[in-house]
Structure formats: structure tokens, C-alpha cells
Amino acid sequence: MRKPGDDVLLKALAAEVKARRQFLGLSQEELAFRSDVNRTFIGKIEVASSQPSMAVLFHLAHALEVLPAEFIAAVDQRAQT
């Protein structure tokens, strides 16, 4: 069940994933391959319509060449602004 602040976090996650992916010059398909998830799931994450599991967050962080703790901190920072 979603809580009121969840939408803010999902939007922050969406923005962070997309920004890092584009910074690295990756397509959604390449990010999906690197993180071992479906490309359509990457698309849903980037538009804040899907909430990934913790395991997927770790896979995404590694695929985006950032430590998971730094990735979560960046998402939290975006959510605060």
C-alpha cells in the first residue's frame, strides 16, 4: 500500500534513474540489460509508475555505476527539493 510521500519518492527515483542513464549515454534497453530487468520496467520506473524492489534498486545502482548508498542519497536529495 502506498503512503502519501511515496509519489514524491517515486518521482525522485524516476528523475535520478533517467538523469544518470542519460549522463552515461545508455539507452533504456542497455540499462535493462545491465541491471537484468525488462526494458519496459525501466520505462515504468522512469515515469514513476512502478516501484522497484530493493534488489532491483541495487542492480540499477551498479548498472548506473554508482554505489547503492550514493544512489539512494541522490534520490533522497531530489525528493527533498
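Quick rundown of the values:
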| item | result |
| --- | --- |
| Exclusive hit being small (G, A, S) and not in a helix (DSSP H, G or I), set A48, A61, A74 | A48 |
| Residue within the range 71-78 that is more than 10 Å from the chain's Cα centre (by Cα) and of a type in the set (K, R) present | yes |
| Pick from the range 12-39, criterion free of Cβ contacts under 8 Å to residues at least 40 places away in the same chain and out of contact with any helix residue (DSSP H, G or I) (no Cβ under 7 Å at 6 or more places or on another chain), ranking: surrounded by the fewest Cβ atoms within 10 Å (Cβ to Cβ) | G25 |
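We did not get these values from a lab; they are worked out from the coordinates using the rules stated. Here the structure is a predicted model, which is why all the values come from computation and not from measurement. Quick reminder, even Gly has a Cβ in these numbers, built from the backbone with ideal geometry, and neighbours come from all protein chains shown.
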